[in-house]
Amino acid sequence: MLLEARDGEETAVFKASAASVQVQVEPVGRWFEAFVRRRNRNVSASFQELEEEQVSSEESEDEEFQVEEYAMLRTLDPKDWKNQDHYSVLGLPHLRYKATQKQIKAAHKAIVLKHHPDKRKAAGEQIVEGDNDYFTCITKAIEMLSDPVKRRAFDSVDPTFDNYVPSKSEGKENFFEAFAPVFDRNARWSSKKHVPKLGTMESSFEDVDNFYSFWYNFDSWREFSYLDEEEKEKAECRDERRWIEKQNRASRAQRKKEEMNRIRTLVDTAYSGDPRIKKFKEEEKARKESEKKAKAEAKKREQEEKDRARQAELDAARLLKEKEDEEARQAAQQAKKEKEIQKKAFKKERQKLRTTCKNWNYFADEETDSVKMMEEVEKLCDRLELTSLQSLNEILASGSKEDSKVAVEKQVQEVNAQLQRERDAEVQARQAVRSAEQASGGGGGTGKGWNEADLQLLIKAVNLFPAGTNARWEVIANYMNLHSTSGMKRTAKDVINKAKNLQRLDPVQKDEINRKAFEKFKMEHSQVAPTIDNAVPSERFDGAGGESNAAPWTTEEQKLLEQALKTYPVSTPERWEKIAAAVPGRNKKDCMKRYKELVEMVKAKKAAQGATKSKK
């Protein structure tokens with residue numbers, strides 16, 4: 001920046017100044033020597049500055065100091081020189097690592113003048129020949145302390161250094177008195193020159209944070225080469241020297257790790273017990289709590305506003321829903337009442353139709369025709385609508401028997417025609433499905449070798465072993481193999497495929513199969529009957545009386561028989577008469593035969609299951 005011109009003078013620029021240029025410079029002279037020393041010794045510039053300060057302090061300090069005589073000097077073993085305290089040997093135990101090179105040299109000179117073998121020999125003292133004299137310890141001490149690298153190695157394992165780390169309980173009451181000396185004592189190992197102090201209770205957060213950041217990232221120059229157990233100079237070959245170096249590096253790394261763990265333990269213990277950290281955390285917690293409380297209050301006010309608006313909407317929706325629910329409830333009640341009325345009307349009309357037909361003996365003279373017409377009347381009760389039932393009942397009530405019969409038969413024809421149409425539609429649908437399956441290559445196996453007897457036996461086995469039976473299809477296959485007359489051996493897979501094919505059959509084919517099965521059953525029983533009649537009658541059939549009903553047992557009759565067997569145990573007098581009375585349409589002989597058939601079926605079922613288990 002140009003100075004302002006004085007009064008009567010002018011400022012003139014003769015040439016523009018050049019821009020700044022970055023130039024790389026190399027150290028020369030004494031700076032180059034310092035650079036080479038640092039590189040060879042592998043030390044930082046800060047360590048070099050520390051040594052220069054020590055040299056300058058040596059020049060300014062007074063060279064006169066007191067050398068303390070080591071009382072155990074004459075008893076030292078020269079062979080155990082590595083375990084001796086070199087500072088104490090030279091009489092510098094009070095200075096130790098703070099001693100300058102001039103002080104070390106002066107102390108060595110004073111010790112040599114007093115303990116040199118020639119001096120002691122001249123005084124008449126007996127001298128040990130060779131390196132076995134204690135003067136060798138003095139030579140080793142000056143050798144170690146005069147070389148900065150060897151002295152650094154010895155200082156790293158200073159035997160007088162206190163590695164103690166206070167516990168958390170010790171610093172609970174007097175934290176600063178307990179930990180401040182420890183940090184000051186360990187600060188000597190720092191590679192960095194300026195080490196922050198622990199501070200006081202009034203230290204700021206930034207100072208405390210900088211202190212713990214420094215110690216958590218502590219860089220120690222302490223190394224443990226002095227404690228190497230083997231000296232590579234004593235190796236006899238290169239391989240042995242490499243092995244010694246490897247062992248020494250491993251032991252140094254282990255000791256370095258233990259040292260850093262000790263420092264980390266010290267810092268962790270101090271941090272956990274530092275009252276300033278607790279204070280800062282409490283202040284931070286209070287600040288966060290206040291902010292959180294303020295946010296919560298603001299959020300609460302906002303939520304209250306939303307809740308009020310939502311509550312108003314909910315109240316309106318609730319009133320609307322209550323109104324709709326009330327209307328729906330009333331409609332449901334009305335529908336229920338109408339349904340109940342219709343149900344009662346249906347029941348009344350059906351009962352009226354049954355009663356009228358029963359009074360006219362179902363418009364038939366023969367019992368067979370009467371039973372058939374009874375079935376047709378039940379069909380009408382199930383299929384006709386309420387209006388149709390009412391119209392039919394009006395005709396039956398006002399007309400004669402012939403007119404009533406004509407009306408009933410007409411309704412039966414219409415219902416049967418409707419059922420036939422539905423059956424035909426179902427058959428067509430099944431055929432369409434079957435055609436589609438055949439076109440797509442599906443439908444499973446055709447079941448070669450299945451005759452009518454095997455099909456009837458399969459149907460019987462499927463009914464005998466219902467769903468839920470353990471290993472059901474294996475049991476059915478074994479049952480068929482035991483009772484089949486064709487000699488074909490069926491597997492569980494064959495039985496499953498054939499059962500699926502039977503399920504896909506149309507109702508007409510199913511009825512045909514069931515009809516053939518019943519005819520076979522009837523034929524077998526009709527053949528066995530004369531033999532039974534000619535045989536000596538059993539006591540169970542004595543007095544059975546009456547002709548047996550050959551019609552197959554329906555599901556309702558089967559349920560009534562089972563309930564009667566439970567109701568009247570074996571000890572009941574005239575048991576079978578009471579059981580026959582409980583099953584309408586069946587006499588004593590029918591019930592006893594059906595019971596015997598059921599017993600045989602149960603035995604066959606157990607035998608088939610036992611055969612399956614024995615195969616497994």
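The values are calculated or read from the model by the stated rules, or taken from the named source; none is laboratory data. From a predicted model like this one, the values you see are computed outputs, not experimental measurements. Note that each Cβ is placed from the backbone with ideal geometry, even for glycine, and that neighbours are counted across all protein chains shown. Note: areas computed on protein heavy atoms with side chains; ligands, DNA, RNA excluded. Shrake-Rupley method; radii C 1.70, N 1.55, O 1.52, S 1.80 Å.
Considering the convex hull of the alpha carbon atoms of region 189-289, report its projected area averaged over all viewing directions, in nm², one decimal.
On the way: hull surface 35.3 nm².
For region 189-289, averaging the hull's shadow over all directions gives 8.8 nm².
Rounded to the nearest 0.05, what FRET efficiency do K352 and R310 have when you use their Cβ-Cβ distance and R0 = 60 Å?
The computed FRET efficiency comes out at 0.50.
Which lysines, on any chain, are close to K493 with Cα under 25 Å apart, when same-chain ones fewer than 8 places away are left out?
K448, K460, K510, K603, K605, K606, K613, K615, K616
Heavy atoms only, 1.4 Å probe, whole protein assembly: order E324, E282 by accessible area, highest first. All intermediate terms of the calculation are to be shown ahead of the outcome.
Working: E324 100, E282 125 Å².
Largest accessible area first, the list is E282, E324.
What's the center-to-center distance, using Cα atoms, between region 563-616 and region 97-158 in Å?
After rounding, the separation between the Cα centres reads 121 Å.
Could you tell me the accessible area of D315 in Å² (1.4 Å probe, neighbours in place), rounded to the nearest ten?
Its heavy atoms expose roughly 50 Å² to the probe.
Which value, in Å³ per residue, describes the convex hull spanned by the Cα atoms of region 245-315?
153 Å³
Can you give me the accessible area per residue for region 190-298, using a 1.4 Å probe, in Å²?
Values: 7530 Å² over 109 residues.
Result: 69 Å² per residue.
Using the structure shown, list the pairs from K197/K279; K114/K150; K168/K246; K372/K401 with a Cα-Cα distance above 28 Å, or answer none.
K168/K246
First compute the accessible area of region 293-382 with a 1.4 Å probe, then give the percent of it belonging to carbon and sulfur atoms.
C and S atoms contribute 51 percent here.
Cα-based Rg (one decimal) and Dmax (whole number) for region 395-436, in Å?
Using the Cα atoms of region 395-436, the pair Rg, Dmax is 17.1, 54 Å.
Ignoring ligands, DNA and RNA, what percent of the 1.4 Å accessible area of region 129-284 is carbon and sulfur?
That fraction is 49 percent.
Tell me, what is the per residue accessible area of region 343-480 in Å², probe radius 1.4 Å?
For region 343-480, the per-residue accessible area is 61 Å².
Kirkwood Rh and Cα-based Rg: tell me the resulting Rg over Rh for region 63-216, rounded to two decimals. Can you show the working numbers first?
Details: Rg = 20.8 Å, Rh = 18.5 Å.
Value, to two decimals: 1.13.
Determine the alpha carbon to alpha carbon distance for each of K109/K140; K82/K121; K82/K192 and list only those over 18 Å.
Cα-Cα > 18 Å for K82/K121; K82/K192; rest within.
Compute the distance from the alpha-carbon center of region 305-321 to that of region 181-214, in whole Å.
So the separation of the two Cα centres works out to 63 Å.
Arrange the residues V433, V583, V599 by how much accessible surface each exposes, largest first, with a 1.4 angstrom probe. The partial results should precede the final answer.
Working: V433 80, V583 0, V599 50 Å².
Result, largest first: V433, V599, V583.
Using a 1.4 Å probe on the protein heavy atoms, what percent of the accessible area of region 566-616 belongs to carbon and sulfur?
C and S fraction of accessible area: 57 percent.
Starting from region 57-146, pick out the chymotrypsin sites (Phe, Trp or Tyr not before Pro) whose DSSP state is loop and whose Cβ has at most 13 other Cβ atoms within 10 Å.
When the chymotrypsin sites (Phe, Trp or Tyr not before Pro) of region 57-146 are filtered for loop state and at most 13 Cβ neighbours within 10 Å, nothing remains.
With every protein chain in place, what's the accessible area of V195 (1.4 Å probe, Å², nearest 10)?
Answer for V195: close to 40 Å² accessible.
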